[in-house]
Structure formats: C-alpha cells, structure tokens
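The values are calculated or read from the model by the stated rules, or taken from the named source; none is laboratory data. Because the structure is a prediction, the values reported are computed rather than measured. FYI the Cβ positions are ideal-geometry reconstructions off the backbone, even for glycines, and counts take in every protein chain you see.
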Amino acid sequence: MQQHEQYQNPLITRYASQEMSYLWSAQKKHSTWRRLWLALAESQKELGLDITEVQLDELRAHLDDIDFDIAAKHEKNLRHDVMAHVHTFGEQCLAAMSIIHLGATSCYVTDNAELIQMRASLELIRQRLVNVIDELGRFAYEYRSLPCLGFTHLQPAQPTTVGKRATLWCYDLVIDLEEVNHRLDELKFRGIKGTTGTQATFLQLFEGDHGKVAALDRMVCDKMGFNASVPVSGQTYSRKIDSQVLACLSGVGQSAHKAGTDIRILQHRKELEEPFEKNQIGSSAMAYKRNPMRSERMCGLSRFAISLTENADYTMATQWMERTLDDSANRRLSMPQSFLAIDATLILYRNITDGLVVYPKVIEKNLQAELPFMATEEILMAGVTAGGDRQELHELIRVHSQEASKVVKEQGGSNDLIERLQKDEKFAAIDMTSTLDASKYIGRAPEQVDEFITNIVRPIRTQHADSLNKENEDLRV
C-alpha cells in the first residue's frame, strides 16, 4: 500500500522533531531491549553463571542491526512481541541464543526500555524548556519598561509593562522546569524483579543465593545508567510513575496554552504579533489576514497533551494485583504521543518568542484610551492636597466618569474624562496632563523584571549552559 493511502500521525509528519521521534522509534526501542539483554547476561556471567565471553561478544556485535521483517514474521506466528525479538536476536547470535532473556519476564525489557526512553525524552524536554525560558528572559528585559494596559477578568485594569507580562509566562515554565528536574531525579529503573516481582526465577538460577540476586539487580541498574531501581514492583513498575510523568508534561502544556492564548488576544488587539513569513498566507479567502497560526497550533497541541494525562491516571487506577495487560495498547499511544506533542509545543513556543513583534504605538493608544479612568485616584488625591473636599471630589469624578463611559460605549467616541474634569472648577488647580504619564502607574514592574532575570533566569542559564541554543535550525514550525 502506498504511503499516502495510509493514515500518517501528524505528530511525526508535521509537528514534532526528528530527535523526539527517534527516541520513541522501533529502532530505539528494540536496540534498547538488546542492550538490556546484554547487560543482564554480562551481570549473570560476572556473578558466576555459565555464560561465555564468546556469547557476550555475539550479543555485542548485533545490538543495532535488527531485521524487523523477520521479527514481524515471528510475532505473527508467536503472537508475542518480546519472544519475536528474542528469536530474531537469537538467530543472529546462535551461540548466545540459549542465554538471551535468561530468567527474565517480558517487562524486564519493555518496562526498563520505556523508563530509558522517558528519561531521554524528559532530558530533551528540559533542553527545550531552558531555551524558551532564555528567549522569554531576553524579551522581558527588552520591554521591561514599556507600559501597557493590564487586564483582570479580561477587563482593563492597572497598567503593567510588556516585559513584566512576559515574566509571568516565563515563570510558569520555570515551575515546569523544576518539575521536570524533579521527575528526572526521582526516575528509577525497574530492574530485574521477575514475573510477579518476587525475583523467584533469579533466585532459582543462583541456587537460593539472595545476595547474588540483589547484586544482579544493582549491577544491571548501574550498567543502564540509573542510580537506583524501584524498591518493589509487581510484574510492571508502578503505573503511578507514568501518571506523574504525563502530569509533568501536562503542566508544560498548560503553561504554553496560557501564553499562547494571551498572545492570540494581544494579536487581536494589534499590540503584539507572532512571526509571519514573507510568503505566508493567513487565509485562503481573506488575503489581508495575518492569523496567529503558530500560537493557535501551540494551544491545540498543548490541549492534546493535557488530555492524555487522564488516560495515564485511569491506567494507574485500573491495574489489578501484580498487573493486567490492558495498559499495553493504550500506553503505546499515550506515552510517546504526550512527549511528541510537548516537544512540538516547545519548538513552536521558542519560534514564537524568538520572533515576537511589538507595536508600541498601538500599545500606547490602547493604554491612553483607558488611562483617564485609572488616573482618577491620583487626581482625587491631588484635589484633596489642593484643599478640596474628598467626598465631594469623589462624587464629581464618579459622575464625570459615567458620562465619559457613555460617550465611549453609546456614541463610539473617545474617552473625554480628562477634558470634562479640566472644565470643572473644582479641579482647576490640578495639572491633568501630568496625571496621564503611564510610567506613574506601573509600580515596580521594571524592577521586578530585573530581579526576575537576575535571581531566576540567569541561574538557569548558568546551570543549563550546555543546553542553550542547541536546537536544530530546521525544526518545523
């Protein structure tokens, strides 16, 4: 069947990186199985089992040259993917065939390999997070002092700055980075636990020597690059680990979705604009349009990743006793696709932040349209300082504000509150022009940006210096 006559996963064909796609590929998965079988055999030999160096050399010689066609034929016949690959590996390693998978259960390779894949994938996600944090830090610093209208309830509120708002997006990712680091620090190997987690078969292999079984677990764990294995398991490692990892990825998705939504709203207001290429088409019908397609796509992919978290939660909740197999098919979908979706999300996020366009004149215009209302408290205090009655002035401001609002809402006119107050003799002693200086209303926003960059972003840049600017330039956006 032709490629274009089959469904192709768009996470692979359109969105995620080749690097993340490889981490969840059949080649990566099954070559990791072979490395696990080698590590097991090496450790068993070191602990005294009758395994020769010739057999080990055979295994070492065929770690990556997997014949997937032969494996598929074996699986069609055996109806068991692990045994299909045991036979495929064994046919390449005739002398070692008898010691491949010795004493192990299928989850020795499947679960341990998935933990290895998860670790590598989390490390890639961490790299992408660091680069987005770096870009947002640069953007925040550049616009640290540019006043803009703040919003609460999506209604005009006290001004902030463009840079300060960007620190809110950035700090969400900092929290996500802390969680990714925590998950990596806590991620443990399944190890060699046996069919129901009792290590009974390994105990039999070592003729009742509990010390050697415990040593075998430590040795394989060390060979595969983990500091520790889980203290206990059933046949599988606890699916609680999956739910925690996918929750971590969901957190990244939540942060990206929030920022993407903000950027879409600000693009609607013409204050910010995501990158738009020279020949890019916004709409097939409306040629003038510059749609925020990157931010929209980022939100869509984030939402997909967030939805997969519930899948992992239910899988964890419905595992019976030492394990059931109803987790297998759904984890083949949810685990890799969660990572692929967040990988794609962060590629988009970096691309957006790297090319964000700011329109200061529009920002100023939008702010000035609302600033008179926000200046009323300062006007009130200035009037009292000039000798006016606080309650009387408050009532006058209230009345004039309502009349100015009617002009804006009912007539579509401009906010004329300042002009109204200037004409009122009770406010004659006040310099109204000075009250419209937006920098008076942004508080410590610039200083907060400086402190955030110094105390939060710079240490991340230093700690993860090797990860900065490591993204491939040809990543799809």
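Kindly indicate whether D176 is under 18 Å from the mean Cα position of the chain (by Cα), surrounded by 21 or more Cβ atoms within 10 Å (Cβ to Cβ) and not basic (K, R).
Details: under 18 Å from the mean Cα position of the chain (by Cα): yes; surrounded by 21 or more Cβ atoms within 10 Å (Cβ to Cβ): yes; not basic (K, R): yes.
Yes.
In the range 7-30, how many residues are under 18 Å from R119 (Cβ atoms) and exposed (fewer than 15 other Cβ atoms within 10 Å of the Cβ)?
Going through the range 7-30 one residue at a time, the tally reaches 2.
Determine, yes or no, whether Q422 is at pLDDT 85 or above and in the same structural domain as R398 (by TED's automatic domain parsing).
No: the conditions fail for Q422.
Just to be sure I understand, how many residues within the range 112-140 are over 30 Å from S238 (Cα atoms) and surrounded by fewer than 18 Cβ atoms within 10 Å (Cβ to Cβ)?
So the answer is 1.
Which ones in the range 114-173 are of a type in the set (K, R) and either touching an Asp or Glu at 6+ places or on another chain (Cβ under 8 Å) or on the phi > 0 side of the Ramachandran plot (or both)?
R128, R144, R165
Please give the number of the condition A140 fails out of (1) aliphatic (A, V, I, L, M); (2) within 30 Å of P231 (Cα to Cα); (3) in contact with a Lys or Arg (Cβ under 8 Å, 6 or more places away or on another chain).
(2)
Taking D50 and the conditions (1) modelled with pLDDT of 95 or more; (2) more than 36 Å from the chain's Cα centre (by Cα); (3) exposed (fewer than 13 other Cβ atoms within 10 Å of the Cβ), which numbered condition does it fall short on, given that it satisfies the others?
If we test D50 against (1) modelled with pLDDT of 95 or more; (2) more than 36 Å from the chain's Cα centre (by Cα); (3) exposed (fewer than 13 other Cβ atoms within 10 Å of the Cβ), just (1) comes out false.
Can you find even one residue in the range 456-466 that is buried (at least 18 other Cβ atoms within 10 Å of the Cβ), in a helix (DSSP H, G or I) and modelled with pLDDT of 85 or more?
Yes; the residues of the range 456-466 include at least one that is buried (at least 18 other Cβ atoms within 10 Å of the Cβ), in a helix (DSSP H, G or I) and modelled with pLDDT of 85 or more.
Could you tell me which residue of the range 374-390 is modelled with the highest pLDDT, considering only residues that are in contact with a Ser or Thr (Cβ under 6 Å, 6 or more places away or on another chain) and assigned to a helix (DSSP H, G or I)?
Top of the filtered list is I379.
Could you please let me know if V109 is surrounded by fewer than 22 Cβ atoms within 10 Å (Cβ to Cβ) and assigned to a helix (DSSP H, G or I)?
Taking the combined requirement at face value, the residue does not satisfy it.
Any idea which residue in the range 309-337 is farthest from T196 (Cα to Cα), counting only those that are of a type in the set (A, V, I, L, M, F, W, C) and surrounded by fewer than 19 Cβ atoms within 10 Å (Cβ to Cβ)?
My answer is L333.
Quick check: is even one residue across the range 54-70 over 37 Å from the mean Cα position of the chain (by Cα), of a type in the set (K, R) and either closer than 29 Å to F339 by Cα or at pLDDT 95 or above (or both)?
No, every residue in the range 54-70 fails to be over 37 Å from the mean Cα position of the chain (by Cα), of a type in the set (K, R) and either closer than 29 Å to F339 by Cα or at pLDDT 95 or above (or both).
Looking at L340, L393, L348, which one is buried (at least 17 other Cβ atoms within 10 Å of the Cβ), over 30 Å from D111 (Cβ atoms), among the hydrophobic types (A, V, I, L, M, F, W, C) and at pLDDT 85 or above?
None of the other options fit; the residue is L348.
Would you confirm whether or not the range 73-85 contains a residue that is under 15 Å from W33 (Cβ atoms) and of a type in the set (S, T, N, Q)?
Initially, the range 73-85 is screened for residues under 15 Å from W33 (Cβ atoms), giving 74-75, 80-85.
Now narrow it down to the ones that are of a type in the set (S, T, N, Q): none.
No, that holds for no residue.
Within the range 287-308, track down each residue that is of a type in the set (S, T, Y), under 22 Å from M335 (Cβ atoms) and surrounded by fewer than 22 Cβ atoms within 10 Å (Cβ to Cβ).
Result: S307, single match.
In the range 407-419, is there at least one residue being at pLDDT 80 or above, surrounded by 11 or more Cβ atoms within 10 Å (Cβ to Cβ), part of a helix (DSSP H, G or I) and of a type in the set (K, R)?
no
Considering each of S255, S243 in turn, give the residue that is part of a helix (DSSP H, G or I), surrounded by 22 or more Cβ atoms within 10 Å (Cβ to Cβ), polar (S, T, N, Q) and in the same structural domain as T309 (by TED's automatic domain parsing).
Working: S243 fails: surrounded by 22 or more Cβ atoms within 10 Å (Cβ to Cβ).
It is S255.
Return the residue satisfying two criteria in turn: it lies in the range 330-362 and is aromatic (F, W, Y) and assigned to a helix (DSSP H, G or I), and of such residues it is farthest from T315 (Cα to Cα).
Restricting to residues being aromatic (F, W, Y) and assigned to a helix (DSSP H, G or I), the top hit is Y349.
Suppose the filter is touching a strand residue (DSSP E or B) at 6+ places or on another chain (Cβ under 8 Å) and part of a loop (DSSP other than H, G, I, E, B); does R323 pass it?
Taking the combined requirement at face value, the residue does not satisfy it.
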